[in-house]
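Let me begin by presenting the structure, written as structure tokens, before commenting on it.
The values are calculated or read from the model by the stated rules, or taken from the named source; none is laboratory data. Given the structure is predicted, the values throughout are model-derived calculations rather than measurements. Accessible surface is based on the protein model in full, side chains and every heavy atom, while ligands, DNA and RNA are left aside. Shrake-Rupley method; radii C 1.70, N 1.55, O 1.52, S 1.80 Å.
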Amino acid sequence: MRRKRVTPSRIVGWAVLAAIVVVSVFPFWWMVRTALTPAADMYTDHTGLLPDHPTIVNFTRVLGLTTEAEARAAGGSGAHVDFARYLLNSIVYCALIAGFQTLFCAMAGYAFARLRFPGRDLVFGILISALMVPPIFTLLPNFVFVKELDLINTMAGMVAPTILMTPFAVFFLRQFFLSLPRDVEEAAILDGNGPWGIFWRIALPMSRGPLITIGLTTIVWAWKDYLWPLLVGRSEENRLVTVALGVFLQQSPNTQPDWTGLMAASTLSVLPVLVLLVFMGRRLVQSLNFTGSK
């Protein structure tokens with residue numbers, strides 16, 4: 001096996017890549033560092049990459065595992081996040097959106113790629129044009145629609161605008177379905193399969209990579225969603241982790257925000273998605289190595 005030569009261009013490329021990694025990872029690392037820093041050291045211990053007196057008290061108090069007196073003694077406001085409930089709400093919210101949206105977008109993408117029906121290209125063009133509409137423009141109509149359905153403060157109202165499809169997901173999956181070999185579909189037709197059977201038995205099993213990609217990206221997008229859940233899911237029973245972080249910050253004293261507690265809660269909110277991406281990251285990278293062709 002021939003060893004690749006070390007060239008100046010290769011060195012520059014690796015240096016740029018290392019710089020990008022550091023810039024991307026450093027904010028997360030500083031968030032964890034702040035979460036492990038005692039509140040008393042918040043404004044004095046700020047020179048090293050590791051805290052001088054690391055502690056997990058910030059995590060225990062935001063989870064409500066300490067008494068109010070212990071939390072105040074640790075430098076907090078006594079506020080805590082019902083993390084278990086909000087975490088479960090966020091998981092349900094992301095699972096509903098990612099699961100149904102991936103399925104429906106796969107069905108739409110396959111129809112636009114393989115089926116022939118009047119107005120197909122026109123409908124697809126109108127659908128793709130929705131990518132140019134900023135989401136903020138649809139916020140008010142969606143809110144009025146959900147309110148008229150009496151779905152405010154319900155999980156159904158929170159997932160309603162995005163549970164069916166997004167234009168990008170339909171476009172992404174359509175491009176992959178265009179690249180599937182027609183010989184396989186023709187063989188399935190000879191075996192007596194119709195469009196529905198081909199989709200379930202042939203197209204979906206061959207599309208695991210792109211489906212995982214759309215599922216993961218949808219989960220990440222839904223997990224960090226804030227404005228819509230804030231407007232629709234205002235009750236504590238349906239509150240998501242991202243909204244709970246804002247509530248936790250509002251419970252802090254106005255003169256001095258509880259930054260260590262907030263960073264501890266933020267770290268806990270990031271961990272589920274981080275673990276998911278670590279375990280599914282390889283499949284995500286592999287699934288991106290495809291090209292769509294007619």
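With no solvent and one equal point scatterer placed on each C-alpha of region 47-170, evaluate the Debye formula and give log10 I(q)/I(0) for q = 0.18 Å⁻¹, two decimals.
With one equal scatterer per Cα and no solvent, log10 I(q)/I(0) is -1.02.
When the chain is fully extended, how far beyond the present Cα-Cα distance does ALA95 get from ILE189, taking 0.36 nm per residue of separation? Write down the numbers at each step before the final one.
Details: separation 94, 0.36 × 94 = 33.84 nm, distance 3.39 nm.
The ALA95-ILE189 span can extend by a further 30.5 nm.
Under a no-solvent Debye model with one identical scatterer per Cα of region 147-197, what's log10 I(q)/I(0) at q = 0.32 Å⁻¹?
Relative scattering, expressed as log10 I(q)/I(0), comes to -1.09.
Can you check how the C-alpha radius of gyration of the chain compares to 2.2 N^0.38 Å, as a plain ratio?
Taking the Cα Rg and dividing by 2.2 N^0.38 Å, one obtains 1.26.
Compute the orientation-averaged projected area for region 116-168 from the convex hull of its Cα atoms and round it to one decimal in nm².
Quarter of the Cα hull surface area: 4.7 nm².
With the contact rule set at Cα under 8 Å and sequence spacing of 6 or more, what percent relative contact order holds for the chain?
RCO, the chain: 28 percent.
Quantify, in whole percent, the carbon and sulfur part of the accessible surface of the chain (1.4 Å probe; protein heavy atoms only).
Looking at the chain in its full context, I get 68 percent from C and S.
How many Å² of accessible area per residue for region 1-150, probe 1.4 Å?
67
What does the helix-only formula give at 222 nm for the chain: each DSSP H stretch with n ≥ 4 adding -39500 (n - 2.57), the total divided by the residues, and the result rounded to the nearest 500 deg cm²/dmol?
Working: 14 runs with 188 residues, N = 294.
Result for the chain: -20500 deg cm²/dmol, rounded to the nearest 500.
How large is the accessible surface of ILE128 in square angstrom, using a 1.4 angstrom probe and rounding to the nearest 10?
Accessible surface of ILE128 is approximately 40 Å².
What helices does the chain have that are whole DSSP H segments, at least 24 Å long along their own axis by Cα, and with mean Kyte-Doolittle hydropathy of -0.5 or more?
The answer, listed by residue number, is 8-35, 83-114, 259-287.
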